[in-house]
Amino acid sequence: MAIEIDTLRDLYEQMVLIRVFETESERQYKAARIGGYCHLSSGQEAATVGVVHALEADDLLVTGYRCHGFALARGVDPDAVMAELFGRRDGCSHGRGGSMHLLDVSRGFYGGWGIVAGQLPVATGLALGLVRQGKPQAVLCELGDGAINMGAWHESLNLAAVWDLPVVFMVVNNGFGMGTAVDRASAIEELYKRADSYGIRGERIDGDDIEASYGAAAELLAEARDQRRPSVLEVMTYRYRGHSVADAGLAYRTKDDVARHMEHDPLLRVRALLRDAGISETELDEVDARADARVAGAVAAADASPLPDVDGLAAGMYAAGSDVQFERMMPGSPFGEEELVFAGGLGT
Amino acid sequence: MAIEIDTLRDLYEQMVLIRVFETESERQYKAARIGGYCHLSSGQEAATVGVVHALEADDLLVTGYRCHGFALARGVDPDAVMAELFGRRDGCSHGRGGSMHLLDVSRGFYGGWGIVAGQLPVATGLALGLVRQGKPQAVLCELGDGAINMGAWHESLNLAAVWDLPVVFMVVNNGFGMGTAVDRASAIEELYKRADSYGIRGERIDGDDIEASYGAAAELLAEARDQRRPSVLEVMTYRYRGHSVADAGLAYRTKDDVARHMEHDPLLRVRALLRDAGISETELDEVDARADARVAGAVAAADASPLPDVDGLAAGMYAAGSDVQFERMMPGSPFGEEELVFAGGLGT
Amino acid sequence: MSAATAETGDVAGAQSGSAVMTYREALRLALREEMARDERVFLMGEEVGVFDGSYKVSAGLLEEFGPDRVRDTPISEEGFVGAGVGAAMLGERPVVEIMTINFLLVAMDQVVNHAAKIGAMFGGEVRCPMVIRTPNGAGNQLTAQHSQSFEGWFAHTPGLKVVAPATPADAKGLLKAAIRDDDPVLVIENLPIYKEKGEVPLDPDFVTPIGLANVAREGSDLTIVSHSFATVRALHVAEKLKQEQGLDVEVVDLRSLRPLDVETVAASVAKTNRVVCVEEGWPTYGVTAEIAARIQKACFDDLDAPVERVGMAEVPLPYAKNLELAAMPNEDRIAAAVLATLA
Amino acid sequence: MSAATAETGDVAGAQSGSAVMTYREALRLALREEMARDERVFLMGEEVGVFDGSYKVSAGLLEEFGPDRVRDTPISEEGFVGAGVGAAMLGERPVVEIMTINFLLVAMDQVVNHAAKIGAMFGGEVRCPMVIRTPNGAGNQLTAQHSQSFEGWFAHTPGLKVVAPATPADAKGLLKAAIRDDDPVLVIENLPIYKEKGEVPLDPDFVTPIGLANVAREGSDLTIVSHSFATVRALHVAEKLKQEQGLDVEVVDLRSLRPLDVETVAASVAKTNRVVCVEEGWPTYGVTAEIAARIQKACFDDLDAPVERVGMAEVPLPYAKNLELAAMPNEDRIAAAVLATLA
Ligand SMILES: Cc1ncc(C[n+]2csc(CCOP(=O)(O)OP(=O)(O)O)c2C)c(N)n1
Ligand SMILES: Cc1ncc(C[n+]2csc(CCOP(=O)(O)OP(=O)(O)O)c2C)c(N)n1
Ligand SMILES: [Mg+2]
Ligand SMILES: [Mg+2]
């Protein structure tokens, strides 16, 4: 589906922002200012931005752990995302979640989850919640090509179909689950055809084509909203970097494989579209420069954000008002538990 | 596939044996000589006997908890099956398993399992074991229409297909999972079509037609043995009794529904085939009489079998030689643990 | 008023007084009251609707509240527990029934790695106010795969709350408290206990606070600490020992496992100086291990004897009736443990 | 000889002597020796082959033994753990790698309700000789869903055996013992421990017996009871307290959790009269709860102070480095617990 030119320029800017953000994240990780697992989405920008662009303001988004790009595309403040990666108080999860567990309810982004396919039942439940509340919206649930072989896929798709829930399952087929190629993990390579097992629609598109990504997602999301039918959208793309920053990403593929994919880099493709539509190189370079500046600003903001307060170690674990329930648990508790966990309060 | 007449008479005898056995089991359950859950297969005899008849001597069989009929069809001694239901020492699981956990390795029957779909991964592993051992055989794995919505279905089918394992998944579609009709539980009603998600063959047959059951199973089992391909065989049948003896079975269907199915009772259908082939009523009545006698004998034998020895409470829990590993665990153990569990030995 | 009328439900509107009803009926009453009180509350699980519930706890609710609020699910515990998690994140109040706790093993990941993590992992930005109801226990020859008690595993998990009522009154009060709570709460029911009867307050605002144990019987000679059906056994044993030997055994019914009311336990042990902990499941690495560990620290100078533990013999529960009986924490074994601890 | 040559594997054939190698290399050596020794032994799991293992334990094994014996699986823990169960029932010796123990939550049912039940539930007619290897632990900001230690849940389960080596030598010895054992055995590894180095016997017949604890350090003032990485921490603390305060702390490394060698623990406590139990995970309803419960009963008259417990602060582990550090059972917290218990 053709995208109007000003919009396309904005989407290009988002894509560049994501690419620059991921590149910077890797640098910061190697500088030991980001820890844990850090999964980058460089190369997957068109799929991410195109599909997320099809979401309406009140639609909901749920993803796996490779979620920086989705958060940014959904409009989560880059400062808050970088601060989360830095483990700081102003992080979108207040430094509690890190790279895999970004969340911003104000943007309808319900996380960033780390257990492969664990987000699918949750997404199904969010869709159920929308239906029970009589809301017209839909849920977009991202998963990977490797996640499709988990039992949670099957149970979630079946439940969503039996209950007519408005959820689009976006299968990001980037060719590998860690080092395992799709054909070594899945009995069929056309993953979208698994939609047939649930009597729902399944589509496959070139995820590196932003217009195709947007168009297919817009259509399936509209169906989900209007007809309350779930569906499967398989987007074909490629992961440039390793599985996580810790993986060189060459044990299971060659440098040439990666180089070949980079030849039709999604950013270059959109850039070409924009140039053909008369946007000047200088204007496009300005877009790139703005992205660089935005990410530099995010790093500075993250850096300036304070560490979480150790007294608040247990903050948020339970709802406000829970402290009184736990008051009588202190006698005989393990060493230091009372001071570390309860002194600071649970429900704050 | 037409079955030779003498064979058909033998299969009819197995079917009658199962029907009589199940009827007797219900009586014994109500007389409180059988406990726990007791799931009967009355009405499903043609599917059970027809498919199991397609197994070669060294093929393996795995089922769910509705397993009396499968055990009998596979040739497990009715005395040992009834003794197991009675919880006696001569039971095929020595009184440890009961109705849901029959097993007879000498007949290639690897259980009787109670967790819905839990037997699927196990069956996949048995098939893997056969392949690793270079054996030509195949595994038949029974599951119900309700079990197909469990994640274990998906993971097992995908793994079996990716690894080319010789296992035929027999989906016994008897219309209900407890009180839930198939269309309320599964997004598609033609369950066999889920085979497409794994690029394997799926077939649906009238399970109450013993020749169709046998024929389809023979073909798919042969494929599994010769080409090492898994497959799905959906057999359409009907459960006459409640989900278990504790369920009247009328909250979710009417007496008429049941009566309508009983009109084309699989036993009557085979009996008709045999009569058409010139077997006399008297001869058929003799078959019925033999079945009655066989089951009466099984009850007598079960009755005569002693209770398991309480000293052997832990027998079999661990392999021989494990006692020494647990010797040093006794100090401070819970009340009575040493006498109850360890005194009698673990590995016997 | 009779349990029968409680069953038919005429009591739901009543504002005060109490009625004798079964544990099962008390749970149903709690569900009906909370569903009537709060549109966001809905029930889902296998066979909760058309079948009236595997153990009939939800009997009649489909008829009363309709299929949107009483949802039969496919057999997909991981799927529908997770559906509860997601719905709860949007502020719904799902009550998920798991037919028996044995089947939670296929949904552990959604309970332990999702529901329990939400509040803390996302910095308090979103909550998961859901209830999972499920019976533990053994005793009807259900055999090894269907006779287990895993509540200790959930009580081990920060982010979850776990309650285990032992009486019809607490079945109503704790289920209501759980439904009104803003965190994921497991309500551990029990198979043999469903038919137990007792007085149940009819006030729709009656709740049993989470985190408060109950001295179910006062005594000065020894304390039995227990939860769920083990408390029923403990009370019988206490009565029997009173009759037969004039012993005054105190019974502390934990009611909540996380939070755990150690204060009430410690106060009792300070008085009796001897304690036996009882559970339906396996004690080793079980619930009673934690109770004993807390007591030995909180009451170190009060104890005149080691904390004793009684539970199911540590084997996959066999089918044969005589073996099952021998393995259960039956009243004889509990009484013997009490006498041994007093010796 | 160097760890490097151990890495390249020249040692596998060696008949005697020992080599310094990492815990990771010791595990690899055990796998190579057992696969060479017994055709029935095969490895399966996510990324164990082409990727050389997520944590490189199986590096090189695909090349050496081929794809039938080193099997990369789809991401389907329930499926391939169950595949291990079935293969084991036919007498194969599957070694299933679960990338981290957190992911066992999706396979609990196959481990607890299938593998653990087989021997007893079928009356001893069939066995399940399989190994599940998986690391527990935290410390690298992996956050709430990836930083857990559930070994106590498996140790709670009759029918399973659970070992948790703390040294490279025991990593080799216990993994080999587990592979040769005729029952389902969980071998609990640990993330931070993989890089720890130590002397490892090269004798291919060296095994560490299951069910035998090890006095890792002798002392007379207090006993620390621990397993897995907590033992590494405990030994550092003991050394530090010796240096700084002249204290003689004994460290009992449990090595096995089921069976549990209480005799060795009790003998140590009888000598020191004071004990601190340490674990990487949450203590409440955790491993140390059972250890404390056993000690207070077995050593009631020996204890001069309550059994103390130290573990991870009971929260879903947060990401931020400062919060994670505060929550871990770090050496300062262990040392403080020791001093408090001696006070
Ligand atoms: C249940 C579970 N098993 C294993 C893992 C470890 N793991 C994390 S990501 C991953 C690969 C997932 O691949 P895919 O679904 O294709 O997503 P991608 O990383 O390509 O975006 C694995 C195996 C996990 N997090 N959860
Ligand atoms: C994981 C799990 N969930 C629930 C149950 C309870 N249960 C036992 S049988 C059954 C229905 C299964 O129906 P189906 O697969 O159609 O087999 P059928 O009983 O019809 O033979 C259920 C829900 C169980 N045993 N295991
Ligand atoms: Mg992928
Ligand atoms: Mg059925």
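The values are calculated or read from the model by the stated rules, or taken from the named source; none is laboratory data. Quantities reported herein were computed from a predicted structural model and do not represent experimental measurements. Ideal geometry is used to build each Cβ from the backbone, glycine not excepted, and the neighbour counts take in all protein chains shown.
Based on this model, can you work out whether B:GLY69 counts as within 16 Å of ligand 4 (Cβ to nearest atom) and on the phi > 0 side of the Ramachandran plot? So that I can check it myself, show each step before the final result.
Numbers: within 16 Å of ligand 4 (Cβ to nearest atom): yes; on the phi > 0 side of the Ramachandran plot: no.
So B:GLY69 does not fit the description; no.
C:GLU125 versus (1) in contact with a helix residue (DSSP H, G or I) (Cβ under 8 Å, 6 or more places away or on another chain); (2) in contact (Cβ under 8 Å) with a residue 12 or more places away in the chain; (3) surrounded by fewer than 24 Cβ atoms within 10 Å (Cβ to Cβ); (4) more than 19 Å from C:LEU175 (Cα to Cα): which is the lone unmet condition?
Only one criterion in (1) in contact with a helix residue (DSSP H, G or I) (Cβ under 8 Å, 6 or more places away or on another chain); (2) in contact (Cβ under 8 Å) with a residue 12 or more places away in the chain; (3) surrounded by fewer than 24 Cβ atoms within 10 Å (Cβ to Cβ); (4) more than 19 Å from C:LEU175 (Cα to Cα) is unmet by C:GLU125, namely (2).
Would you tally the residues in the stretch B:143-163 being more than 7 Å from chain A (Cβ to nearest Cβ), assigned to a helix (DSSP H, G or I), in contact with a Ser or Thr (Cβ under 8 Å, 6 or more places away or on another chain) and within 16 Å of ligand 4 (Cβ to nearest atom)?
Total meeting the criteria: 1.
Quick check: anything in the stretch A:177-184 within 16 Å of ligand 1 (Cβ to nearest atom), in contact with a Leu (Cβ under 7 Å, 6 or more places away or on another chain) and under 25 Å from D:LEU105 (Cβ atoms)? So that I can check it myself, show each step before the final result.
Step one: list which residues in the stretch A:177-184 are within 16 Å of ligand 1 (Cβ to nearest atom), which gives A:177-184.
Checking which are in contact with a Leu (Cβ under 7 Å, 6 or more places away or on another chain) leaves us with none.
Scanning the stretch A:177-184 turns up no residue that is within 16 Å of ligand 1 (Cβ to nearest atom), in contact with a Leu (Cβ under 7 Å, 6 or more places away or on another chain) and under 25 Å from D:LEU105 (Cβ atoms).
Hey, could you check the stretch A:71-110 for residues that are part of a loop (DSSP other than H, G, I, E, B) and acidic (Asp, Glu) and say which is surrounded by the most Cβ atoms within 10 Å (Cβ to Cβ)? Break it down into steps so the answer makes sense when it comes.
Residues of the stretch A:71-110 that are part of a loop (DSSP other than H, G, I, E, B), as a first pass: A:74-77, A:86-103, A:108.
Subset that is acidic (Asp, Glu): A:77, A:90.
Details: A:ASP77: 17, A:ASP90: 19.
So the residue we want is A:ASP90.
Considering only residues that are free of Cβ contacts under 8 Å to residues at least 12 places away in the same chain and either away from ligand 2 (no atom under 15 Å from the Cβ) or over 20 Å from A:ILE200 (Cα atoms) (or both), which ones fall in the stretch B:155-187?
The first filter runs over the stretch B:155-187 and keeps only residues free of Cβ contacts under 8 Å to residues at least 12 places away in the same chain, leaving B:162, B:183-184, B:187.
Passing the criteria: B:VAL162, B:ALA187.
Here's the yes/no breakdown for (1) more than 16 Å from ligand 3 (Cβ to nearest atom); (2) within 11 Å of another protein chain (Cβ to nearest Cβ); (3) surrounded by fewer than 22 Cβ atoms within 10 Å (Cβ to Cβ):
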{"site": "B:ARG184", "(1), (2), (3)": "yes, yes, yes"}
{"site": "B:ILE188", "(1), (2), (3)": "yes, yes, yes"}
{"site": "B:GLU203", "(1), (2), (3)": "yes, no, yes"}
{"site": "B:ASP208", "(1), (2), (3)": "yes, no, no"}
{"site": "B:ALA218", "(1), (2), (3)": "yes, no, yes"}
{"site": "B:VAL235", "(1), (2), (3)": "yes, no, no"}
{"site": "B:ALA246", "(1), (2), (3)": "yes, yes, yes"}
{"site": "B:THR254", "(1), (2), (3)": "yes, no, yes"}
{"site": "B:ALA259", "(1), (2), (3)": "yes, no, yes"}
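Picking from A:TYR198, A:TYR192, which residue would you name as being in contact with a Gly (Cβ under 6 Å, 6 or more places away or on another chain) and of a type in the set (Ser, Thr, Tyr)?
Of the residues listed, the single one that is in contact with a Gly (Cβ under 6 Å, 6 or more places away or on another chain) and of a type in the set (Ser, Thr, Tyr) is A:TYR192.
In the stretch D:21-42, which residues are within 18 Å of the chain's Cα centre (by Cα) and crowded, with 23+ Cβ neighbours inside 10 Å? Steps first, answer last, please.
Pass one, the stretch D:21-42, residues within 18 Å of the chain's Cα centre (by Cα): D:21-31.
D:MET21, D:TYR23, D:ARG24, D:GLU25, D:ALA26, D:LEU27, D:ARG28, D:LEU29, D:ALA30, D:LEU31, listed by residue number.
Find the strands (runs of 3 or more DSSP E) located wholly in the stretch D:228-343 whose residues include 2 or more that are within 26 Å of C:PHE300 (Cβ to Cβ), and list them. First the steps, then the outcome.
On the way: elements: D:249-253, D:256-258, D:275-278, D:308-310.
Hits in the stretch D:228-343: D:249-253, D:275-278, D:308-310.
In this structure, is A:GLY202 outside any helix (DSSP H, G or I), more than 17 Å from the chain's Cα centre (by Cα) and in contact (Cβ under 8 Å) with a residue 24 or more places away in the chain?
Numbers: outside any helix (DSSP H, G or I): yes; more than 17 Å from the chain's Cα centre (by Cα): yes; in contact (Cβ under 8 Å) with a residue 24 or more places away in the chain: yes.
So A:GLY202 passes the test.
Filter the stretch B:157-172 for residues that are more than 16 Å from ligand 1 (Cβ to nearest atom) and either surrounded by fewer than 24 Cβ atoms within 10 Å (Cβ to Cβ) or of a type in the set (Ser, Thr, Tyr) (or both) and give the result. Outline the logic, then answer.
As a first pass, look at the stretch B:157-172 and keep what is more than 16 Å from ligand 1 (Cβ to nearest atom): B:157, B:160-161, B:163-172.
Those that are more than 16 Å from ligand 1 (Cβ to nearest atom) and either surrounded by fewer than 24 Cβ atoms within 10 Å (Cβ to Cβ) or of a type in the set (Ser, Thr, Tyr) (or both): B:ALA161, B:TRP163, B:ASP164.
For residues in the stretch C:62-112 being free of Cβ contacts under 8 Å to residues at least 12 places away in the same chain and under 17 Å from C:ASP182 (Cβ atoms), which is surrounded by the fewest Cβ atoms within 10 Å (Cβ to Cβ)?
Top of the filtered list is C:LEU90.
Of all helices (runs of 4 or more DSSP H) completely enclosed by the stretch D:1-113, which ones contain at least 2 residues that are at pLDDT 95 or above?
Details: elements: D:3-8, D:23-37, D:61-65, D:77-89.
Counting at least 2 such residues, we get D:23-37, D:61-65, D:77-89.
So how many residues does the stretch B:97-120 have that are under 22 Å from B:MET178 (Cβ atoms), in contact with a Leu (Cβ under 9 Å, 6 or more places away or on another chain) and away from ligand 4 (no atom under 16 Å from the Cβ)?
Selection size over the stretch B:97-120: 6.
Could you tell me whether the stretch A:190-199 includes any residue that is more than 16 Å from ligand 4 (Cβ to nearest atom) and not in a helix (DSSP H, G or I)?
Yes; the residues of the stretch A:190-199 include at least one that is more than 16 Å from ligand 4 (Cβ to nearest atom) and not in a helix (DSSP H, G or I).
Here is a check on your reading of the model: is A:TYR65 hydroxyl-bearing (Ser, Thr, Tyr), in a helix (DSSP H, G or I) and touching a residue at least 24 places away in the same chain (Cβ under 8 Å)? Give the steps one after another, and end with the answer.
Working: hydroxyl-bearing (Ser, Thr, Tyr): yes; in a helix (DSSP H, G or I): no; touching a residue at least 24 places away in the same chain (Cβ under 8 Å): yes.
No: the conditions fail for A:TYR65.
If you scan the stretch A:145-191, which residues turn out to be touching a Phe, Trp or Tyr at 6+ places or on another chain (Cβ under 6 Å), under 24 Å from D:MET108 (Cα atoms) and of a type outside the set (A, V, I, L, M, F, W, C)?
Scanning the stretch A:145-191 gives a single hit, A:ASN158.
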